[in-house]
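J.: Supplied in structure tokens, the structure appears directly below.
The values are calculated or read from the model by the stated rules, or taken from the named source; none is laboratory data. The model shown is predicted, which means the values in this text are computed figures rather than measured ones. Every residue, glycine as well, gets a Cβ built from its backbone with ideal geometry; the counts of neighbours run over all protein chains shown.
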Amino acid sequence: MQRIGLLTYYWTENPGTILQALCTYRAVRRHFPDDHVELINYRSWRHVWKPNLSYITPCQWRRDTIRMLKYRKARKTLLPFGRRSLVTTDYRRAQAFLREQDYDMLVVGSDTLLELHRFGPDTVTAYWLAPDIRARKVMCAASARSTSLGDLSEFQRKTLEASVQGFDLLGVRDVATYELIRGLGGSPDKIEMVPDPTFTYDIDYGPTEAYLRKKGLSFEHPTVILHMTRRFRWADDLANAYRARGYQVVSLRPARYADHVCNDVSPLEWAGLFRDAKLVITHRFHDTLFCLKNLTPLLTVLPSASYEAAGGHSKYDGLLKMFGMSETHLIRDHTAATVQQILDAGDRSMETHNPQVIRRGLARYQDQYEEFIRKVVALSPPGPVKAADSNGATH
């Protein structure tokens, strides 16, 4: 029996983050049924709960508290963690922590855990594994978001080059990360594009329907779902324009312009929330992906220019290109957009919506993800059990 550690994001109150971790775990566990698979309880920063600052009211405080409790429960019930834990941004300390646990295999991904925009020039994120860790090492749908070679200090570049050489497979989620890894010396034989693990998620609509009943919210009335940040200055006017057209406006974050605010959903409740909306306008990657999974018309708005790497590549652009939708369903510069332009783009999204094409794409990318996991299996045949001491260390 092997010990397989999954190194990924899991601590934020973000449904896509939780579900990508869950889907990665389920896929690896499905393909390694006789081995021990667990999430490594590592975080760069200690997560501190705080209310959403868009505006604070008693109702909003209550929704924030409900959301926090739901996510705490989701992490506890859905994700199996190792016994040891560590919170640090210190690269050497994090790598020592991983070495001490002596895993047979480390799987890094998915999500944007390779990005370095929060790290100074003299360090890197722990997800760039040190080459001397004695384990099979795999990136699985990992992303560096907008990090590119030109952003790296000399120290970072050398550290990342050494890390890349130590991986057995380099599965990346987007073109920008592919180009970064290739520029760092990643072998073409090892690197490949891998779809997000949530393509494998089968949506259970039971939790969503129970949530909507409890909230007294019905989508029988034409509904547009907005997920906008405070940077989108036209959000209020856009909501009013849709209301004038007869739409009910639902927001996934606190917003005075919304008829209903649904930021108190759990990850499982969120997964099916888009199904009955007429249109979703969002700045989130996994909102976009789950609109596709729910066969719902969508429009994605890039949150800021910092989400694009050199060459104009972004995780949003890459996802929509997979369905031939990047030219029609993506707004790259929200600061230059007008309300009328957003309305027109939303109309085009609904008019050109093609569920058959989307279904074929969903099936294709689910198969591609499963095929990559089969390659991971081929890397690491079953081995002997490693004995663990009372502290969880293995020998």
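J.: If S54 passes every condition in (1) small (G, A, S); (2) modelled with pLDDT under 95; (3) in contact with a strand residue (DSSP E or B) (Cβ under 9 Å, 6 or more places away or on another chain); (4) surrounded by fewer than 18 Cβ atoms within 10 Å (Cβ to Cβ) but one, which one does it miss?
T.: Going through (1) small (G, A, S); (2) modelled with pLDDT under 95; (3) in contact with a strand residue (DSSP E or B) (Cβ under 9 Å, 6 or more places away or on another chain); (4) surrounded by fewer than 18 Cβ atoms within 10 Å (Cβ to Cβ) one by one, S54 breaks only (3).
J.: I'm told T177 meets every condition in (1) out of contact with any helix residue (DSSP H, G or I) (no Cβ under 8 Å at 6 or more places or on another chain); (2) of a type in the set (S, T, Y); (3) not assigned by TED's automatic domain parsing to the domain that holds R43 except one. Can you identify the failing condition by its number?
T.: Status for T177: all satisfied but (3).
J.: Would you mind finding the one in L106, L98, L113, L129 that is surrounded by 18 or more Cβ atoms within 10 Å (Cβ to Cβ) and within 18 Å of the chain's Cα centre (by Cα)?
T.: On the way: L106 fails: within 18 Å of the chain's Cα centre (by Cα); L98 fails: within 18 Å of the chain's Cα centre (by Cα); L129 fails: within 18 Å of the chain's Cα centre (by Cα).
After applying the criteria, what remains is L113.
J.: Test R3 against the criterion of being of a type outside the set (V, I, T), touching a His at 6+ places or on another chain (Cβ under 9 Å) and within 17 Å of K137 (Cα to Cα), and give yes or no.
T.: Details: of a type outside the set (V, I, T): yes; touching a His at 6+ places or on another chain (Cβ under 9 Å): yes; within 17 Å of K137 (Cα to Cα): yes.
Yes; evaluated as a whole, the condition is true for this residue.
J.: Still on this structure: Based on what the data block shows, is R46 in a helix (DSSP H, G or I) and either outside the structural domain of L268 (by TED's automatic domain parsing) or under 21 Å from Y127 (Cβ atoms) (or both)?
T.: No.
J.: I've got another one for you. Evaluate the stretch 193-210: report whether one residue or more is assigned to a strand (DSSP E or B) and over 27 Å from T57 (Cβ atoms). Before you say what the answer is, go through the steps one by one.
T.: Within the stretch 193-210, the subset assigned to a strand (DSSP E or B) is 193.
Next, only the ones that are over 27 Å from T57 (Cβ atoms) stay: 193.
Looking for residues that are assigned to a strand (DSSP E or B) and over 27 Å from T57 (Cβ atoms), one finds at least one in the stretch 193-210, hence yes.
J.: Quick check on the stretch 190-237: of everything there that is under 19 Å from D111 (Cβ atoms) and hydrophobic (A, V, I, L, M, F, W, C), which residue is surrounded by the most Cβ atoms within 10 Å (Cβ to Cβ)?
T.: Ranking the candidates gives V194 first.
J.: Contact list please: Cβ distance under 8 Å, first residue in the stretch 54-76 and in the same structural domain as C262 (by TED's automatic domain parsing), second residue part of a helix (DSSP H, G or I) and modelled with pLDDT under 95, pairs at least six apart or on different chains.
T.: none
J.: Let me ask something else about it. So, in the stretch 325-383, exactly how many residues are of a type in the set (G, A, S), under 23 Å from the mean Cα position of the chain (by Cα) and loosely packed, with under 13 Cβ neighbours inside 10 Å?
T.: Result for the stretch 325-383: 1.
J.: Quick one: in the stretch 66-86, of everything that is over 16 Å from L129 (Cα atoms) and either among the hydrophobic types (A, V, I, L, M, F, W, C) or in contact with a Lys or Arg (Cβ under 7 Å, 6 or more places away or on another chain) (or both), which residue is surrounded by the most Cβ atoms within 10 Å (Cβ to Cβ)? Reasoning before the result, please.
T.: Step one: filter the stretch 66-86 for residues over 16 Å from L129 (Cα atoms), giving 66-85.
Among the residues that remain, those that are also either among the hydrophobic types (A, V, I, L, M, F, W, C) or in contact with a Lys or Arg (Cβ under 7 Å, 6 or more places away or on another chain) (or both) are: 66, 68-69, 74, 78-79, 81.
On the way: I66: 14, M68: 15, L69: 13, A74: 21, L78: 17, L79: 18, F81: 15.
Only one residue fits best here, namely A74.
J.: On to the next question. Would you point out the residue of the stretch 132-148, among those that are at pLDDT 95 or above and in contact with a Lys or Arg (Cβ under 7 Å, 6 or more places away or on another chain), that is surrounded by the most Cβ atoms within 10 Å (Cβ to Cβ)?
T.: Here the residue is A142.
J.: Just one of R30, R46 is surrounded by fewer than 18 Cβ atoms within 10 Å (Cβ to Cβ) and at pLDDT 95 or above; which is it? Write out each step before concluding.
T.: On the way: R46 fails: at pLDDT 95 or above.
Residue meeting the stated conditions: R30.
J.: Of the residues that make up the stretch 217-234, is at least one at pLDDT 95 or above, aromatic (F, W, Y) and in a helix (DSSP H, G or I)?
T.: Scanning the stretch 217-234 turns up no residue that is at pLDDT 95 or above, aromatic (F, W, Y) and in a helix (DSSP H, G or I).
J.: Please enumerate the residues belonging to the stretch 272-304 that are in a helix (DSSP H, G or I) and either hydroxyl-bearing (S, T, Y) or in contact with a Ser or Thr (Cβ under 9 Å, 6 or more places away or on another chain) (or both).
T.: F285, H286, D287, T288, L289, F290, C291, K293 - these are the residues of the stretch 272-304 that are in a helix (DSSP H, G or I) and either hydroxyl-bearing (S, T, Y) or in contact with a Ser or Thr (Cβ under 9 Å, 6 or more places away or on another chain) (or both).
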